[in-house]
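Below: the structure, in structure tokens.
A short reminder: the numbers here are calculations on the coordinates, not readings from a lab. Predicted model, so just to flag it, every value in this text is computed and none were measured. Because the Cβ atoms are built from the backbone with ideal geometry, glycine has one as well, and the counts that use them run over all protein chains shown.
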Amino acid sequence: MKNTIEVCFTPQSFQLYNREDKLVVIIDVLRATSCICTALHYEVGMILPVASVAEAREYQNRGFLVAAERQAQKVEGFDLGNSPYEYMNPALKGKIIVFTTTNGTQAIRAARDSHKIAIASFLNLSAICLWLLKQHHNIILLCAGWKDFFNMEDTLCAGAISEKLEHSGLFEVSGDSALAAKYLYQKSGADTYGFLSASSHFNRLLKLKLEKEIQYCLTPDSAPVVPVLEGKYLVRAV
């Protein structure tokens, strides 16, 4: 019997899914899960995701290194923002970073009671698929979206994962959301950047002159790690 792949387009919809014994994969391509993959690839020790800026501030007051982003920009007064390039700094090797973002950490919070949580992006596309094939679990791909609205880039990544897992013969897509995500990915072809060029968050980041970051976040397998949640912390499983 094949394992199933479901896709949830927003954290707000996640409560509608049967989550019993499901492995949940969080996707926030632009940019939280891309940052997490990059950080662990560059040997940051652990990442502690928190939902609110207030909670992040409490950790900062206790001496923690804190990254905070809202509205696609770094929150004033914190150490780091939501740029993957910040996490390539060798000075962060082995550090614990408290991390809060507009969408990605909200999705992690929504899934917090799940059987197991992993992190995906285009940057770890092959690595996460290979890892999922070894888990022998039904999967929900949870897209972070933008403020509980559907977005294109997370759905596209969910479609890429769905297609690769289905192609293995060990998984089957379940439900129209997963089918739509897979079809969207197939429609995009090889030009992910061009396909997303009219999408809302893509253009939100372009207005902030973050084109280089968009290109990086859409580059498959640039950070081939598998972050998983162990207790409160995101750590590298692979």
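Figure legend. Inter-residue proximity from segment 186-200: first residues free of Cβ contacts under 8 Å to residues at least 60 places away in the same chain and surrounded by 11 or more Cβ atoms within 10 Å (Cβ to Cβ), second residues assigned to a helix (DSSP H, G or I) and among the basic types (Lys, Arg), beta-carbon distance below 9 Å, spacing 6+ or different chains. Indicated pairs: Phe195/Lys187.
Within segment 55-70, restricting attention to residues that are under 17 Å from the mean Cα position of the chain (by Cα) and not aliphatic (A, V, I, L, M), the residue that is farthest from Tyr42 (Cα to Cα) is Arg70.
Counting residues in segment 216-223 that are free of Cβ contacts under 8 Å to residues at least 40 places away in the same chain and exposed (fewer than 14 other Cβ atoms within 10 Å of the Cβ) gives zero.
Screening Ala111 with (1) touching a Phe, Trp or Tyr at 6+ places or on another chain (Cβ under 6 Å); (2) buried (at least 21 other Cβ atoms within 10 Å of the Cβ) gives one miss only, at (1). Each residue in segment 149-196 was checked for being farther than 21 Å from Ala118 by Cα, part of a loop (DSSP other than H, G, I, E, B) and in contact with a Leu (Cβ under 9 Å, 6 or more places away or on another chain), and 1 pass. In this entry, Phe150 is excluded by the filter for residues that are in contact with a Gly (Cβ under 9 Å, 6 or more places away or on another chain) and among the hydrophobic types (A, V, I, L, M, F, W, C). Return the residues of segment 197-220 that are among the aliphatic types (A, V, I, L, M) and not in a loop (DSSP other than H, G, I, E, B); say none if nothing qualifies. Once the filter is applied, which keeps residues that are among the aliphatic types (A, V, I, L, M) and not in a loop (DSSP other than H, G, I, E, B), segment 197-220 yields Leu205, Leu206, Ile214. Do we have Ala51 as within 29 Å of Lys209 (Cα to Cα), outside any helix (DSSP H, G or I) and more than 14 Å from the chain's Cα centre (by Cα) here? The answer is yes for Ala51.
Name the single residue that is farthest from the chain's Cα centre (by Cα) among those in segment 71-108 being of a type in the set (Gly, Ala, Ser) and either surrounded by 14 or more Cβ atoms within 10 Å (Cβ to Cβ) or outside any loop (DSSP other than H, G, I, E, B) (or both). The selected residue is Ala91.
Being without any contact (Cβ under 8 Å) to a residue 24 or more places away in the chain, out of contact with any strand residue (DSSP E or B) (no Cβ under 8 Å at 6 or more places or on another chain) and within 23 Å of Pro11 (Cβ to Cβ) is a property that Glu76 lacks.
The conditions of being buried (at least 18 other Cβ atoms within 10 Å of the Cβ) and under 15 Å from Thr101 (Cβ atoms) are met by Ala56.
Being crowded, with 24+ Cβ neighbours inside 10 Å, part of a helix (DSSP H, G or I) and in contact (Cβ under 8 Å) with a residue 60 or more places away in the chain holds for only one residue in Leu30, Leu40, and it is Leu40.
Condition check ((1) free of Cβ contacts under 8 Å to residues at least 60 places away in the same chain; (2) farther than 20 Å from Tyr183 by Cα) across all residues:
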site	(1), (2)
Thr100	yes, yes
Leu132	no, yes
Asp148	no, yes
Glu153	no, no
